[in-house]
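To start, the structure itself, in structure tokens.
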Amino acid sequence: MVLRGLTANRSRPDLEALENETDAERFVWAILPHAARSFAASIVVLPLRASRVAAVAYLYARMLDTYEDLLPSEGERPKALRSFAARFGAVPNGRLAPIPSSLAVDARDRLHLLLVNKVELVDAVFDTFTPDEQRAIADLVESMAEGMAWSSERFAEQGGVLIDDAQLFRYCQNVIGYPALFAIELLTGDAPGETDDAMASAEMIQLANITRDIEKDLTRGIAYDPSLRSYLGVSEASAVRKVRKRLLGLALSRAHSYRRLYADVDLRRRPGARLAAVLMLMFTDLHYRSMARQVGIKPWRGPGGKVVTVLAALPSLPSRRYASRVIGKVTERLASAALDLQSAQS
């Protein structure tokens, strides 16, 4: 499954094959590398039971993202998001609000729309879980849906932008913070007593998605930085570059939170989870080195490409010491790059 994720053609997914898939289990694993992208590797290396639960939870979260991304009406998005969460209180699960296929502008959108349209296959795997597992997923979806509805309402009220970093970080926590807490409890059986590092780590990871999609978001009429308000609907390269550099600095400054979070979560007897944590960080690092090149900053050292990244992470599976050393080195490089970026901007 890791190999399938590494070789998946995300720019040209086989939509016909996915559309024709009728086996629920096969569908979940076939669409996951396309829907979850770099997150997929961290999911599939988990122990099988946790991996299945995490995969289904992620696909539901991706459906929420699809409603947020594709619905054009500012008033319609919060209602659709809350309606999605409410369906878990129905028996059987309630129907989804339709999304017109005309709203998909590229292959990625069409794949996400296909996922929404085939929700019954994801539901079929969900139905095999224990009541506690189902309740945990439902609670996650409810928390995310309410948080994303809050963000949609802020965009509507504020002319398509988030007005400050406090709103930006809250958005990141809504999208990745709740899943991070869900994953920790899924793997350890306990919710973390201290959540600050989990939320800061979520900010670092979600800012990767935001920095990647600035231009696409502008064409949709939203921006996560108020300085881009006058460019909604268009994309001005110099303005985007400036914002991307600023957000890169914010993300990198949160690297030490990831190291502290890893140290606080007991993964000594969970080699799959240990490898998942290393992969998550290394793929995030790979993305930010690419972003550094885009904004004219010399990237720091690290594995080049997804295959090399996975190979570099694999010794974390048998070795706790190796995993800790890699996480320490990568977070130190990210934090050092944040300081260099801060000095260059001051």
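The values are calculated or read from the model by the stated rules, or taken from the named source; none is laboratory data. Please read these numbers as outputs of a predicted model, since none were measured by experiment. Neighbour counts run over all protein chains shown; Cβ positions are idealised from the backbone, glycine included.
Annotations
- Among the residues of segment 300-315, the ones that are within 21 Å of R254 (Cα to Cα) and either touching a Gly at 6+ places or on another chain (Cβ under 6 Å) or surrounded by fewer than 16 Cβ atoms within 10 Å (Cβ to Cβ) (or both) come to 1 in all.
- Condition met for V141 (farther than 30 Å from V243 by Cβ, in contact with a Phe, Trp or Tyr (Cβ under 6 Å, 6 or more places away or on another chain) and of a type in the set (V, I, T)): yes
- Residue satisfying condition, being modelled with pLDDT of 90 or more, under 15 Å from F126 (Cβ atoms) and among the aliphatic types (A, V, I, L, M), within set L59, L81: L59
- Unmet requirement for V310, which otherwise passes all of (1) out of contact with any helix residue (DSSP H, G or I) (no Cβ under 7 Å at 6 or more places or on another chain); (2) farther than 26 Å from V243 by Cβ: (1)
- Of all residues making up segment 258-275, the number that are surrounded by fewer than 20 Cβ atoms within 10 Å (Cβ to Cβ) and among the small types (G, A, S): 2
Condition check ((1) modelled with pLDDT of 95 or more; (2) over 11 Å from D285 (Cα atoms)) across all residues:
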{"site": "R301", "(1), (2)": "no, no"}
{"site": "V326", "(1), (2)": "yes, yes"}
{"site": "L334", "(1), (2)": "yes, no"}
{"site": "A338", "(1), (2)": "no, yes"}
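- Residue in segment 265-278 that is among the small types (G, A, S), modelled with pLDDT under 95 and not in a helix (DSSP H, G or I) present: no
- Pick from segment 1-23, criterion at pLDDT 85 or above and not in a loop (DSSP other than H, G, I, E, B), ranking: nearest to A273 (Cα to Cα): L18
- Criterion: assigned to a helix (DSSP H, G or I) and under 22 Å from the mean Cα position of the chain (by Cα) - qualifying residue of R325, R321, R260: R260
- Count of residues meeting criterion [of a type in the set (A, V, I, L, M, F, W, C) and within 16 Å of Q345 (Cβ to Cβ)] in segment 220-238: 0
- Taken over segment 210-239, the residue count meeting the criterion of being without any contact (Cβ under 8 Å) to a residue 12 or more places away in the chain and within 23 Å of L103 (Cβ to Cβ) is 3.
- Filter result for V278 (buried (at least 22 other Cβ atoms within 10 Å of the Cβ), outside the structural domain of L103 (by TED's automatic domain parsing) and among the β-branched types (V, I, T)): yes
- Residue within segment 35-42 that is modelled with pLDDT of 90 or more and either in contact with a Lys or Arg (Cβ under 7 Å, 6 or more places away or on another chain) or outside the structural domain of V278 (by TED's automatic domain parsing) (or both) present: no
- Qualifying positions in segment 93-129 - in a loop (DSSP other than H, G, I, E, B), among the charged types (D, E, K, R) and in contact with an Asp or Glu (Cβ under 8 Å, 6 or more places away or on another chain): K118
- Yes/no for D132 being of a type in the set (D, E), surrounded by fewer than 22 Cβ atoms within 10 Å (Cβ to Cβ) and closer than 30 Å to R269 by Cβ: yes
- Between I99, I137, the distinction of being over 14 Å from L59 (Cα atoms) and either in contact with a helix residue (DSSP H, G or I) (Cβ under 9 Å, 6 or more places away or on another chain) or in contact (Cβ under 8 Å) with a residue 24 or more places away in the chain (or both) belongs to I99 only.
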